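Engineer: If you scroll down you'll find the structure; I have some questions about it.
The values are calculated or read from the model by the stated rules, or taken from the named source; none is laboratory data. Everything numeric here is computed off the predicted structure, so don't read it as measured data. Methodologically, a virtual Cβ is constructed for each residue, glycine included, from the backbone with ideal geometry; neighbour enumeration extends over all protein chains shown. Just the protein is used for accessible areas: all its heavy atoms, side chains included, with ligands, DNA and RNA removed. Shrake-Rupley method; radii C 1.70, N 1.55, O 1.52, S 1.80 Å.
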Amino acid sequence: MEVVAAAVIDQGRLLVVSKKAAPAVFYLPGGKPEAGESQEATLVRELGEELGVAPRDMDLLGRVEDMAALEGVPMCMTVFTAGLTGPPKPAAELAALGWTDGRDAYEPRLAPAVRNQVLPLLVCAALLPGDHGI
């Protein structure tokens, strides 16, 4: 499964969202590309649908592989760092949003790819504080 996601950092915290289908698990905002859609266009569409904002200043952070928390299948996720054009508000299939440094009450609720792959990448890139196992 291919997924494109945004790592949005504000004041040392990462934006995470939960879906109505699994409100106890938090992911990065984003989604699956439609046929012929670029990764950047996927993020623009998904962030508009899910959060009512557009990404700005997108920069490729990396590509990670892990199990998709909801679907339980192998997933390849391309992650871009991005800012947002305004304050995010959960819409569409989202149940909630939150901000985490990865070492707070959200930690046990983070999807495996976020907890095991993305957080260490963000720490390595000096975008989040902490060690997160690295």
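Engineer: For GLN39, which of the numbered conditions (1) in contact with a strand residue (DSSP E or B) (Cβ under 6 Å, 6 or more places away or on another chain); (2) more than 11 Å from MET58 (Cβ to Cβ); (3) open to solvent by 20 Å² or more (accessible area, probe 1.4 Å) fails to hold?
Structural biologist: (2)
Engineer: Before we move on, is PRO33 open to solvent by less than 40 Å² (accessible area, probe 1.4 Å) and in contact with a helix residue (DSSP H, G or I) (Cβ under 7 Å, 6 or more places away or on another chain)?
Structural biologist: Considered against the rule, which asks whether it is open to solvent by less than 40 Å² (accessible area, probe 1.4 Å) and in contact with a helix residue (DSSP H, G or I) (Cβ under 7 Å, 6 or more places away or on another chain), PRO33 comes out as no.
Engineer: Also, quick follow-up: Restricting attention to region 61-72, does a residue exist that is exposed (fewer than 15 other Cβ atoms within 10 Å of the Cβ) and touching a Lys or Arg at 6+ places or on another chain (Cβ under 9 Å)?
Structural biologist: Yes.
Engineer: Related question: I'd like the full set of residues that are over 20 Å from VAL3 (Cβ atoms), open to solvent by less than 50 Å² (accessible area, probe 1.4 Å) and not in a helix (DSSP H, G or I), limited to region 84-124.
Structural biologist: Passing the criteria: GLY86, ASP101, ASP104.
Engineer: Quick one: count up the residues across region 1-41 that are closer than 21 Å to VAL123 by Cα and not in a loop (DSSP other than H, G, I, E, B).
Structural biologist: Going through region 1-41 one residue at a time, the tally reaches 14.
Engineer: Here is a further query. Filter region 95-126 down to residues that are among the basic types (Lys, Arg) and more than 11 Å from the chain's Cα centre (by Cα) and give me whichever is farthest from GLY52 (Cα to Cα). Break it down stepwise before answering.
Structural biologist: First, pick out the residues of region 95-126 that are among the basic types (Lys, Arg): 103, 109, 115.
Checking which are more than 11 Å from the chain's Cα centre (by Cα) leaves us with 103, 109.
Working: ARG103: 27, ARG109: 24 Å.
Step by step, filter region 95-126, then rank; the result is ARG103.
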